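A short worksheet on the structure shown next.
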Amino acid sequence: MAEINSMTVAAEMKPPSRVGDHVFKWITGLMAFSVLVLIVVVGWELYKGSNLAVHKFGFKFVTSSNWDPVEENFGAWPFIFGTLVSSLIALVIAVPLSVATAVFLTELAPPKLRQPIVSIIEMLAAVPSVIYGLWGIFVLIPWLREHCFPVLQKWLGFLPLFQGPIYGVSMLAAGIIIAIMIVPIITSVSREILRSVPDLQREAAYGLGATRWEVTRIAVLSYAKRGLCGAVILGLGRALGETMAVTMVIGNRPEVAASLFAPGYTLASVIANEFAEATTDMYLSALFEIALVLFAVTIVTNILAQLLISAMGGPRASRAIQ
Amino acid sequence: MTSELLEPKAPSQAGVPVGKGLTPMENATASRPVEPPARADEVAFHVEHLNGWFGQHQALFDVSLQIPARKVTAIIGPSGCGKSTFLRTLNRMHELVRGARLDCQIRLFGDDVYGPRVDPTLVRRRVGMVFQKSNPFPTMTIEENTVVGLRLNGVRDRRLLRERMEQSLRMAALWDEVKDRLDKPGISLSGGQQQRLCIARALAVQPEVLLMDEPASALDPIATMKIEELIQELKRDYTIVIVTHNMQQAARCSDYTAFFYMGKLIEYDKTEKMFTNPTHKQTEDYVTGRFG
Amino acid sequence: MTMQPQSLYHRWRKIKSTLMSVTALLCALLVIAPLGLVLGYLIHAGAGAINWDFFTQLPKPVGEVGGGMANAIVGTLTLLGLACAIGVPVGVLGGVYLSEYGSEKSNWWIRFGADVLNGVPSIAWGIVAYALVVVRMKTFSAYAGGVALGFMMIPLIMRTTEEVLLLVPNGYREAALALGISRWKMICQIVMKTAFKGIVTGVLLAAARIAGETAPLLFTAFGNRFWTHDLSQPIAALPLQVFVYAISPYDDWHRQAWAGALVLILMVLFINLIVRFITRGRFAGAGR
């Protein structure tokens with residue numbers, strides 16, 4: 001056994017300073033709370049910038065369809081309309097696909113197949129918006145114009161939705177592109193939600209002699225309803241704010257048209273297109289107000305989605321949001 | 001007695017064993033007076049009226065006892081009886097748990113452990129701890145693991161560090177096994193070696209007391225035996241408090257034994273008496289294996 | 001017998017179940033199809049346009065064939081660096097607070113705030129950076145672009161950092177504190193070092209996420225056809241260049257846009273690959 005050293009090293013050690021602890025806690029806390037500050041900053045900057053337009057146009061800003069930079073008359077209705085319609089189309093396409101895929105991944109797929117599909121979906125989410133836009137312009141739009149839209153018009157042309165001239169660039173094209181872009185997030189959040197359904201639920205249903213589909217429908221989907229709603233609303237939030245790809249395929253025409261084949265314009269794309277060339281203060285302020293509207297709407301949808309998802313899926317699901 | 005002197009001990013007021021074989025390194029402080037060896041019946045911890053809570057749940061009820069210096073004191077009792085909680089109050093680890101509260105008077109060699117101006121990190125430098133699950137830091141080598149307590153407390157002197165490392169590893173009876181691979185990760189060692197590395201790590205900062213929370217419960221019999229032998233060696237210079245659920249272990253290696261049940265200290269006496277002729281019925285039932 | 005109708009009904013239920021399974025499979029295939037379509041076309045159209053010039057030359061004026069996007073590639077890396085300068089310290093330290101200090105209540109608010117920020121449209125970040133930086137500096141600049149992207153990184157990094165720090169077993173924290181190491185040193189030297197790989201992973205993923213962002217750069221970094229070494233000047237960025245070329249009427253620019261897009265996606269996938277490489281084996285280095 002070695003000799004115990006008698007020399008105390010306590011003298012060599014520095015006395016602990018509480019200052020270091022306090023400073024570190026303070027700094028990290030400041031950084032953490034900066035996210036809340038940042039929300040306020042975004043809101044405040046947008047509000048400040050839109051002051052001029054808010055005072056001049058008031059509530060008429062969101063109801064008027066007149067967007068005339070030359071006369072400095074600004075009404076955002078066509079953009080709001082375009083945003084809502086394109087997002088709605090996207091949801092109609094994306095929601096059934098995403099939920100079905102999530103069901104497939106959690107309930108049906110052989111375990112070997114699950115991870116590869118999940119990886120592919122993750123990669124889909126990683127593709128930058130501008131690349132979807134590029135693909136939209138040069139691949140999707142020509143295909144829609146030549147092959148898809150004429151057929152739709154032939155069979156469903158009696159509906160006002162599918163009438164009018166075909167340009168290719170259109171609300172429908174934008175909706176499709178947005179759908180592709182929001183499918184990954186809805187799928188991955190839905191998947192986490194479904195995974196959080198306790199196995200007991202499934203076993204109980206199997207115990208009653210239910211088939212696989214019946215188990216899914218009765219035990220899983222109805223149990224996960226609220227969380228899935230959250231996933232869909234989250235997807236809606238992303239759809240509303242989607243900018244580049246939409247700007248590249250929607251046609252950028254501030255009109256309110258009944259036809260899905262007609263070009264449109266969204267809140268995000270009008271900012272993307274016109275902000276850099278907005279010369280007058282009023283013009284700039286109107287664009288700020290559009291951003292404010294967009295910000296407010298996406299914040300509300302996001303908060304709603306967060307509440308639904310975190311009530312349902314716990315931390316894992318809210319992690320999937322990223 | 002009532003002093004709150006838990007600042008780093010100035011060499012002159014050493015409450016730690018003092019003595020022999022000063023290296024050149026230590027000459028700077030070698031002029032301090034050499035104190036006579038402490039009395040055999042010196043008390044390390046005075047614990048009075050210790051009550052502990054986790055949120056609303058009270059885990060410890062009015063525990064009072066005195067832990068003698070340079071002896072091994074074992075804490076036994078069925079799981080959930082508050083023995084680990086008690087141990088963790090001695091070096092102020094209890095308060096790290098969210099919602100934990102404490103009401104007590106604890107003195108370590110006369111110094112108030114829970115005084116209002118006492119820095120818990122200084123208490124922890126004087127009261128080392130070894131945990132149930134061995135936990136060498138995974139990013140560090142054996143060498144780094146051993147002296148991490150010194151390095152992160154501001155000791156920069158390479159030679160001193162090197163020296164303390166060897167000493168600590170020797171004290172932990174690990175030196176011969178690892179001296180050729182000090183630069184290997186600490187977690188590359190076997191379970192028993194890892195636990196001894198953790199003991200070396202705790203010894204390196206030269207505490208006065210070593211708390212051990214079931215240090216051998218995850219180890220095989222041979223590794224357990226080594227730890228027990230080590231405890232016998234260490235008690236010459238250190239006060240050791242060991243929590244164990246293994247009564248044979250308590251009987252084998254402790255001088256005093258405290259029996260806890262439902263958060264209360266039922267009985268506390270010389271180990272020999274506790275295991276042969278306990279005063280309380282509950283103690284007897286427990287040590288004879290009738291419950292727990 | 002009553003068995004007969006029951007078994008018929010049962011068979012129908014079975015068929016229905018199989019039918020739904022097949023439908024779900026088809027949906028899954030439809031969902032993953034776009035990746036193949038987009039990547040396939042990207043390689044088909046982009047690979048032909050990529051050559052040495054693309055990485056070394058500046059963009060040529062309209063009408064002249066050739067040229068490259070060297071400045072845009074460097075610009076994107078510069079912007080990523082600037083974004084990291086904001087996003088990494090704020091995100092990582094904020095994540096430390098969440099995992100090591102925050103009370104349950106404050107953590108709820110911070111996580112909530114981070115998740116809400118995550119949903120803010122990227123174009124809105126562009127406007128905020130415009131209002132905060134461009135208006136004050138009176139010029140578009142690399143700084144402004146970096147600020148916009150940096151703000152976007154904060155919630156991403158914060159959440160992943162928190163998560164990997166929480167993976168570090170509590171035993172290490174207790175062991176360090178029991179040695180009389182002060183808390184902040186314990187966090188920096190033990191906890192963060194243990195989770196280092198995980199933190200780096202989070203940062204890389206966030207960088208991959210924002211590397212392709214275009215909207216926040218439109219009126220901050222603005223784009224530049226030339227080299228710039230002055231960060232207070234407009235700077236080119238790969239996604240921006242792809243966008244400008246894509247909506248232009250020139251065939252040669254379209255080719256360049258495809259090449260740029262291919263490089264961009266390779267960059268993003270490359271980062272993802274590195275992440276896979278890092279996380280292979282022990283995730284976050286925590287646990288044993």
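The values are calculated or read from the model by the stated rules, or taken from the named source; none is laboratory data. Since this is a predicted model, take the numbers as computed values, not measurements. A quick note on method: Cβ atoms are made from the backbone with ideal geometry, for glycine too, and the neighbour counts reach across all protein chains shown. Heavy atoms of the whole protein, side chains included, go into the accessibility calculation; ligands, DNA and RNA do not. Shrake-Rupley method; radii C 1.70, N 1.55, O 1.52, S 1.80 Å.
Are any of the residues in region A:105-113 over 16 Å from the mean Cα position of the chain (by Cα), more than 9 Å from chain C (Cβ to nearest Cβ) and open to solvent by less than 40 Å² (accessible area, probe 1.4 Å)?
Taking every residue of region A:105-113 in turn, at least one turns out to be over 16 Å from the mean Cα position of the chain (by Cα), more than 9 Å from chain C (Cβ to nearest Cβ) and open to solvent by less than 40 Å² (accessible area, probe 1.4 Å).
Count, please, the residues in region C:121-137 that happen to be open to solvent by 10 Å² or more (accessible area, probe 1.4 Å) and free of Cβ contacts under 8 Å to residues at least 60 places away in the same chain.
4
Please go through (1) over 22 Å from C:ASP53 (Cα atoms); (2) of a type in the set (Ser, Thr, Tyr); (3) within 11 Å of another protein chain (Cβ to nearest Cβ) for C:SER232 and return the number of the only condition it doesn't satisfy.
(3)
Within region A:197-217, work out how many residues are open to solvent by 40 Å² or more (accessible area, probe 1.4 Å), more than 11 Å from every other protein chain (Cβ to nearest Cβ) and not charged (D, E, K, R).
Total meeting the criteria: 7.
If we keep just the residues of region C:203-221 that are part of a loop (DSSP other than H, G, I, E, B) and in contact with a Pro (Cβ under 8 Å, 6 or more places away or on another chain), which is nearest to the other protein chains (Cβ to nearest Cβ)? Quick ask: steps written out before the conclusion?
Restricting attention to region C:203-221, the residues satisfying the condition of being part of a loop (DSSP other than H, G, I, E, B) are C:212-214, C:218-221.
Narrowing the set further to residues that are in contact with a Pro (Cβ under 8 Å, 6 or more places away or on another chain) leaves C:212-214, C:221.
Working: C:GLY212: 2, C:GLU213: 7, C:THR214: 4, C:ALA221: 11 Å.
Per the criteria, the residue is C:GLY212.
When you scan region C:11-35, how many residues do you find that are open to solvent by 50 Å² or more (accessible area, probe 1.4 Å) and more than 7 Å from every other protein chain (Cβ to nearest Cβ)?
Number of matching residues: 8.
Only one of (1) outside any helix (DSSP H, G or I); (2) more than 30 Å from B:LEU96 (Cα to Cα) fails for C:ILE181. Which number is that?
The single condition C:ILE181 does not satisfy is (2).
Which of the residues belonging to region C:178-213 are polar (S, T, N, Q) and either more than 26 Å from C:LEU262 (Cβ to Cβ) or in contact with a Leu (Cβ under 6 Å, 6 or more places away or on another chain) (or both)? First the steps, then the outcome.
We begin by selecting, within region C:178-213, every residue polar (S, T, N, Q); these are C:182, C:189, C:194, C:201.
Of everything in region C:178-213, those that are polar (S, T, N, Q) and either more than 26 Å from C:LEU262 (Cβ to Cβ) or in contact with a Leu (Cβ under 6 Å, 6 or more places away or on another chain) (or both) turn out to be C:SER182, C:GLN189, C:THR194.
Can you tell me which residues in region A:132-148 are under 21 Å from the mean Cα position of the chain (by Cα) and without any contact (Cβ under 8 Å) to a residue 24 or more places away in the chain?
A:TRP135 - this is the single residue of region A:132-148 that is under 21 Å from the mean Cα position of the chain (by Cα) and without any contact (Cβ under 8 Å) to a residue 24 or more places away in the chain.
State all residues of region A:69-104 that are aromatic (Phe, Trp, Tyr) and at the interface with chain C (Cβ under 9 Å from one of its Cβ atoms); if no residue qualifies, say none. Walk me through how you get there before you give the answer.
Within region A:69-104, the subset aromatic (Phe, Trp, Tyr) is A:74, A:77, A:79, A:81, A:104.
The one that is aromatic (Phe, Trp, Tyr) and at the interface with chain C (Cβ under 9 Å from one of its Cβ atoms): A:PHE104.
Would you be able to say whether some residue in region A:29-52 is modelled with pLDDT of 95 or more, over 30 Å from A:TYR283 (Cβ atoms) and more than 7 Å from every other protein chain (Cβ to nearest Cβ)?
yes
When the residues of region A:119-148 are filtered to those that are among the small types (Gly, Ala, Ser) and open to solvent by 10 Å² or more (accessible area, probe 1.4 Å), which remaining residue is nearest to A:ALA102 (Cα to Cα)? Write out each step before concluding.
Our first condition is that a residue be among the small types (Gly, Ala, Ser); within region A:119-148, this holds for A:119, A:125-126, A:129, A:133, A:136.
Applying the additional criterion that residues be open to solvent by 10 Å² or more (accessible area, probe 1.4 Å) yields A:119, A:125-126, A:129.
Values: A:SER119: 13, A:ALA125: 15, A:ALA126: 18, A:SER129: 23 Å.
In this case the residue turns out to be A:SER119.
Can you find, within region B:55-73, the residue that is farthest from B:GLN105 (Cα to Cα) among those that are of a type in the set (S, T, N, Q) and either part of a strand (DSSP E or B) or touching a residue at least 12 places away in the same chain (Cβ under 8 Å) (or both)? Spell out how you get there, then give the answer.
The first filter runs over region B:55-73 and keeps only residues of a type in the set (S, T, N, Q), leaving B:56, B:58, B:64, B:66, B:73.
After this cut, where a residue has to be either part of a strand (DSSP E or B) or touching a residue at least 12 places away in the same chain (Cβ under 8 Å) (or both) as well, the list is B:58, B:64, B:66, B:73.
Numbers: B:GLN58: 17, B:SER64: 9, B:GLN66: 12, B:THR73: 19 Å.
Applying the filter and picking the extreme gives B:THR73.
Among (1) open to solvent by less than 10 Å² (accessible area, probe 1.4 Å); (2) within 27 Å of C:ARG173 (Cα to Cα); (3) touching a residue at least 40 places away in the same chain (Cβ under 8 Å); (4) outside any strand (DSSP E or B), which single condition is B:ILE240 missing?
Here B:ILE240 meets the rest and fails (4).
What do you reckon, is B:LEU210 aliphatic (A, V, I, L, M), part of a strand (DSSP E or B), buried (at least 22 other Cβ atoms within 10 Å of the Cβ) and within 14 Å of chain A (Cβ to nearest Cβ)? Show your work before the answer.
Details: aliphatic (A, V, I, L, M): yes; part of a strand (DSSP E or B): yes; buried (at least 22 other Cβ atoms within 10 Å of the Cβ): yes; within 14 Å of chain A (Cβ to nearest Cβ): yes.
Considered against the rule, which asks whether it is aliphatic (A, V, I, L, M), part of a strand (DSSP E or B), buried (at least 22 other Cβ atoms within 10 Å of the Cβ) and within 14 Å of chain A (Cβ to nearest Cβ), B:LEU210 comes out as yes.
Do we find a residue being in the same structural domain as C:LEU79 (by TED's automatic domain parsing), among the β-branched types (Val, Ile, Thr) and open to solvent by 20 Å² or more (accessible area, probe 1.4 Å) anywhere in region C:202-223? So that I can check it myself, show each step before the final result.
Filtering region C:202-223 down to residues in the same structural domain as C:LEU79 (by TED's automatic domain parsing) leaves C:202-223.
Cutting the leftovers down to among the β-branched types (Val, Ile, Thr) gives us C:203, C:210, C:214, C:220.
So of that shortlist, the ones also open to solvent by 20 Å² or more (accessible area, probe 1.4 Å) come out as C:203.
Yes, some residue in region C:202-223 is in the same structural domain as C:LEU79 (by TED's automatic domain parsing), among the β-branched types (Val, Ile, Thr) and open to solvent by 20 Å² or more (accessible area, probe 1.4 Å).
Quick one: in region B:194-207, which of the residues that are in contact with a helix residue (DSSP H, G or I) (Cβ under 6 Å, 6 or more places away or on another chain) and not charged (D, E, K, R) is most open to solvent (accessible area, probe 1.4 Å)?
Restricting attention to region B:194-207, the residues satisfying the condition of being in contact with a helix residue (DSSP H, G or I) (Cβ under 6 Å, 6 or more places away or on another chain) are B:197, B:200-201, B:203-207.
Add one more test, that the residue is not charged (D, E, K, R), and what stays is B:197, B:200, B:203-207.
Values: B:LEU197: 2, B:ALA200: 0, B:LEU203: 0, B:ALA204: 1, B:VAL205: 3, B:GLN206: 23, B:PRO207: 6 Å².
This residue is B:GLN206.
Taking B:ASP183 as meeting all but one of (1) touching a strand residue (DSSP E or B) at 6+ places or on another chain (Cβ under 9 Å); (2) among the charged types (D, E, K, R); (3) in a helix (DSSP H, G or I), write down the number of the exception.
(3)
Name every residue in region C:138-159 that is at the interface with chain A (Cβ under 8 Å from one of its Cβ atoms) and either touching an Asp or Glu at 6+ places or on another chain (Cβ under 8 Å) or buried (at least 24 other Cβ atoms within 10 Å of the Cβ) (or both), in order of residue number. Quick ask: steps written out before the conclusion?
The initial filter retains those residues of region C:138-159 that are at the interface with chain A (Cβ under 8 Å from one of its Cβ atoms), namely C:151, C:154-156, C:158-159.
C:PHE151, C:ILE154, C:PRO155, C:MET158, C:ARG159, listed by residue number.
Determine which single condition A:PRO165 fails, assuming it passes every other condition in (1) surrounded by 18 or more Cβ atoms within 10 Å (Cβ to Cβ); (2) outside any helix (DSSP H, G or I).
Here A:PRO165 clears every test but (1).
Between B:GLY52, B:GLY115, B:GLY128, which is outside any helix (DSSP H, G or I), open to solvent by less than 10 Å² (accessible area, probe 1.4 Å) and either within 25 Å of B:ALA204 (Cβ to Cβ) or within 14 Å of chain C (Cβ to nearest Cβ) (or both)?
Working: B:GLY52 fails: either within 25 Å of B:ALA204 (Cβ to Cβ) or within 14 Å of chain C (Cβ to nearest Cβ) (or both); B:GLY115 fails: either within 25 Å of B:ALA204 (Cβ to Cβ) or within 14 Å of chain C (Cβ to nearest Cβ) (or both).
Being outside any helix (DSSP H, G or I), open to solvent by less than 10 Å² (accessible area, probe 1.4 Å) and either within 25 Å of B:ALA204 (Cβ to Cβ) or within 14 Å of chain C (Cβ to nearest Cβ) (or both) holds for just one of B:GLY52, B:GLY115, B:GLY128, which is B:GLY128.
Assess whether B:LEU108 counts as being crowded, with 22+ Cβ neighbours inside 10 Å, among the hydrophobic types (A, V, I, L, M, F, W, C) and in contact (Cβ under 8 Å) with a residue 40 or more places away in the chain.
Working: crowded, with 22+ Cβ neighbours inside 10 Å: yes; among the hydrophobic types (A, V, I, L, M, F, W, C): yes; in contact (Cβ under 8 Å) with a residue 40 or more places away in the chain: yes.
So B:LEU108 passes the test.
Taking B:GLU95 as meeting all but one of (1) open to solvent by 10 Å² or more (accessible area, probe 1.4 Å); (2) modelled with pLDDT under 90; (3) not in a helix (DSSP H, G or I), write down the number of the exception.
Among (1) open to solvent by 10 Å² or more (accessible area, probe 1.4 Å); (2) modelled with pLDDT under 90; (3) not in a helix (DSSP H, G or I), the lone unmet condition for B:GLU95 is (3).
Out of curiosity, is A:ALA276 part of a helix (DSSP H, G or I) and without any contact (Cβ under 8 Å) to a residue 12 or more places away in the chain? It would help to see each step written out before you state the result.
Values: part of a helix (DSSP H, G or I): yes; without any contact (Cβ under 8 Å) to a residue 12 or more places away in the chain: yes.
Answer is yes for this residue.
How about region B:144-173: which of its residues are more than 11 Å from every other protein chain (Cβ to nearest Cβ), farther than 27 Å from B:ARG92 by Cα and surrounded by 17 or more Cβ atoms within 10 Å (Cβ to Cβ)?
Those that are more than 11 Å from every other protein chain (Cβ to nearest Cβ), farther than 27 Å from B:ARG92 by Cα and surrounded by 17 or more Cβ atoms within 10 Å (Cβ to Cβ): none in region B:144-173.
Output the helices (runs of 4 or more DSSP H) that fall wholly within region C:50-134 and possess 1 or more residues being out of contact with any Phe, Trp or Tyr (no Cβ under 6 Å at 6 or more places or on another chain) and within 14 Å of chain A (Cβ to nearest Cβ), or say none.
Working: elements: C:52-56, C:70-96, C:104-118, C:122-129.
Hits in region C:50-134: C:70-96, C:104-118, C:122-129.
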